[in-house]
Each structure stands twice: as C-alpha cells, then as structure tokens.
1. Within segment 47-58, is even one residue touching a helix residue (DSSP H, G or I) at 6+ places or on another chain (Cβ under 8 Å) and under 21 Å from Glu157 (Cα atoms)?
2. Filter segment 227-279 for residues that are among the hydroxyl-bearing types (Ser, Thr, Tyr), free of Cβ contacts under 8 Å to residues at least 60 places away in the same chain and either within 15 Å of the ligand (Cβ to nearest atom) or assigned to a helix (DSSP H, G or I) (or both) and give the result.
3. Could you grab the pairs with beta carbons closer than 6 Å, sequence gap of 6+ or different chains, first residue in segment 187-199 and over 18 Å from Tyr219 (Cα atoms), second one of a type in the set (Phe, Trp, Tyr) and more than 8 Å from the ligand (Cβ to nearest atom)?
4. Considering every residue within segment 263-277, establish whether at least one is surrounded by 12 or more Cβ atoms within 10 Å (Cβ to Cβ), within 20 Å of Gly242 (Cα to Cα) and in contact with a Pro (Cβ under 6 Å, 6 or more places away or on another chain).
5. Within segment 84-113, can you find the residues that are within 16 Å of the ligand (Cβ to nearest atom) and either surrounded by fewer than 21 Cβ atoms within 10 Å (Cβ to Cβ) or in a loop (DSSP other than H, G, I, E, B) (or both)?
6. Take the conditions within 24 Å of Asn243 (Cβ to Cβ), at pLDDT 95 or above, outside any loop (DSSP other than H, G, I, E, B) and of a type in the set (A, V, I, L, M) and apply them to Val148. Does it pass?
7. Would you mind finding the one in Arg172, Arg154, Arg183 that is on the phi > 0 side of the Ramachandran plot, in contact (Cβ under 8 Å) with a residue 24 or more places away in the chain and either more than 12 Å from the ligand (Cβ to nearest atom) or not in a strand (DSSP E or B) (or both)?
8. Hey, among the residues in segment 54-83 that are in contact with a Lys or Arg (Cβ under 6 Å, 6 or more places away or on another chain) and modelled with pLDDT of 95 or more, which one's nearest to the ligand (Cβ to nearest atom)?
Amino acid sequence: MSAKKRVLITGGAGFLGSHLCDRFIKEGFHVIAMDNLITGDLRNIEHLFKHPDFEFYHHDVSTFVHVPGELHYILHFASPASPIDYLKIPIQTLKVGSLGIHNLLGLARVKRARILIASTSEVYGDPLVHPQPEEYYGNVNPVGPRGVYDEAKRFQEAMTMAYHTYHNLDTRIVRIFNTYGPRMRLNDGRVLPAFIGQALRGEDLTVFGDGSQTRSFCYVDDEVDGIYRLLMSDYHLPMNIGNPDEITIMEFAQEIIKLTGTSQKIITQPLPKDDPKQRQPDITKAKAILGWEPNVSRAEGLKITYEYFKSLPREILFERDYKNFEKYIR
Ligand code: UDP
C-alpha cells in the first residue's frame, strides 16, 4: 500500500475543490475527490483522471459517506456557492451544510483524520463592522434568500467546534472571501464570470444597484495556499483567508471593460435582496499565524482568468445553466 498521506476533498470537481486537488497532488498526496456534480463539473478534474494517486467518487455527501482505507485529512468544500444556486437549490444547500458536515465529522472521527471545513465571509452577512475580523459575529437574515447558505455555514462552524470540543476532533475552519480564477462556472451568476461572459458574448455588463457595494477579490492560487497553510497549522479557530484589496462593483465592471476591450456598456439592474454593501477581510491573523498574505494582484489574476474563459469552446459561453439539478431537489 502507498505510504502517501490520503486526503478526501468533497466538492472536488468544483472551482475551489479542483484547485485543491491539484495542490495536494503536487504536494505528493493521494487525493480522493468526491462530488455529486450538481454544480461541480468533471471537466475541472479530467486532467487528473490518469494520475495514479487520484480517485473520484460520484457521491452526495448529504447521505452516508463511505471511503475505504485510511484517511489523514478531509476538506469539506461541497456546497452550492453562488446566490443563483441558493435560489434554485435552497434545500440542497442547507442539507450539504448540515447533514453533509455531520457525515464528514463522523467519518473524520472514525478515520482519526484532521478535517478542514470551508466556511465563508457570508457568516458576517451584511456586515456592520469593516473590515471584518474573525471576532465579528455578523449581521445575517436567517429567512432571506441568502439565509440557506449563510445559516448552513454558520451551523457547520458550530457543529465543527462541537466535535472539536466534545470529541477532541482535530478541526480547522476557513472563512473564504470572494475568490476568482480559472474553472469558475461561467453561468453561475457570480459577478466575475457574469461580466466576462457578457463581454465575450457581446452583451452589456449588468451592474446590480448603483454599483457602490464593495467586494475584495482573491486569486485562487493565493486562496488555496492560505487554505493549505491553515490545514497544516495547529490553529483550530475560524480564520479569514481573502485578499483585502477592496473595490466597488462599478469600478470592477470598468476594469473588465478595459481588460476585455469590449465596446458594450454598463447597464444597471435592481440590487438583489440582502446583497451585502461592503466586504473586506481583516487578515491580521492569517499574516501572524500562517505567515500568509496574497501575492497575485487583481490585474495579474484577471488576465489569467480572462485567458481561461476565452479559451473555452464557444458553446459553453451560451450554456445558460447547469444540468440535471432537478433530480436532487427533495
Ligand atoms: N453583481 C452585479 N452584477 C452581476 C452579478 C453580481 O452587479 O451580474 C454584484 C452583486 O449584486 C454583488 C457583487 O456583484 O454585489 C458580488 O456578487 P457575487 O454573486 O459574485 O457574490 P457575493 O459576494 O454577493 O456572494
């Protein structure tokens, strides 16, 4: 049997999950990716299929999870992760964050594995404290459209801490802020693929509200590096990993127009309910404890991401949605 450390990555065919698979393969791990492929896509990991240390399980972690053999690490990244997804598959979003985490914490106990869970800046809701430190408890509307995601993630954190405290489980919690890069789903409604997709299709760019709301975008390689360092650290409390470089959505649209050279214009559409007005991570802890901070500027990261979207087959540009999700709604 291989002496390599074995890691399970749920959501392994998704945007972040697939980049994590690449990183762990590069670090010399045996990687088991698990995904139910509602929002994940095998195209994100097909380059790994022939690798002797890569396995893929098509499975929904909201149901009992079985993985034969040893596991040293578990990373729980399975979840819908865009506001459009929460509206279309709200129950599934709640289930993967609650039933799913329960199954994986149980698996971690049996395997004596360290488990890292993907939490989110959404635990801060529409924040009244700026930038957001880990100590801020947040301002979340539990019954609004984002509630299914925000509360599932908050529950995940609570459940993970309870297993840490009562079962002595080795746990890590990362709060991920807006992250972008190659392999984002082009039509998931998130602002970056939305704008780049619109530019590539020759459509106007849709800014929601007056565009004065802010976000802080982290390039995926930086995000993955922060997550890897957190997993390997001995810090079990929640940690923000994100890029503090904050920008308004209107300025962001202008940057995309410049980057793509599109002659389309910016049009405004109504602001979705409970859309956070500002968001910026306080990364004091990540710097001090992990020696981590982002290295890739938005200009560099956007260029790489644009090249990726440009290289996709043209029909993907017009794929309006993911397929087959109806069968998962129970
Ligand atoms: N947004 C926008 N136009 C779009 C898609 C999104 O102006 O076509 C805005 C959205 O209202 C939000 C920001 O961009 O203020 C980021 O949205 P996203 O869905 O990417 O992520 P969020 O940070 O809101 O979860």
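1. No, every residue in segment 47-58 fails to be touching a helix residue (DSSP H, G or I) at 6+ places or on another chain (Cβ under 8 Å) and under 21 Å from Glu157 (Cα atoms).
2. The answer is Thr248, and nothing else.
3. Pairs found: none.
4. Residues of segment 263-277 surrounded by 12 or more Cβ atoms within 10 Å (Cβ to Cβ): 264, 266-268, 271-272, 274-277.
Now narrow it down to the ones that are within 20 Å of Gly242 (Cα to Cα): 275-277.
Those still in the list that are in contact with a Pro (Cβ under 6 Å, 6 or more places away or on another chain) too: none.
Within segment 263-277, not a single residue is surrounded by 12 or more Cβ atoms within 10 Å (Cβ to Cβ), within 20 Å of Gly242 (Cα to Cα) and in contact with a Pro (Cβ under 6 Å, 6 or more places away or on another chain).
5. Within segment 84-113, Ile84, Leu87, Lys88, Ile89, Pro90 qualify.
6. Spelling it out, it is not the case that Val148 is within 24 Å of Asn243 (Cβ to Cβ), at pLDDT 95 or above, outside any loop (DSSP other than H, G, I, E, B) and of a type in the set (A, V, I, L, M).
7. Working: Arg172 fails: on the phi > 0 side of the Ramachandran plot; Arg154 fails: on the phi > 0 side of the Ramachandran plot.
Result of the check over Arg172, Arg154, Arg183: Arg183.
8. Of the residues in segment 54-83, the ones in contact with a Lys or Arg (Cβ under 6 Å, 6 or more places away or on another chain) are 62, 70-73, 82.
Now restrict to residues that are modelled with pLDDT of 95 or more: 62, 70-73.
Values: Ser62: 22, Glu70: 36, Leu71: 31, His72: 32, Tyr73: 27 Å.
So, considering only residues that are in contact with a Lys or Arg (Cβ under 6 Å, 6 or more places away or on another chain) and modelled with pLDDT of 95 or more, the one nearest to the ligand (Cβ to nearest atom) is Ser62.
The values are calculated or read from the model by the stated rules, or taken from the named source; none is laboratory data. This structure is a prediction, so every number in the text was calculated from the model and none was measured. Here the Cβ is made from the backbone with ideal geometry for all residues, glycine too, and neighbour counts use every protein chain on show.
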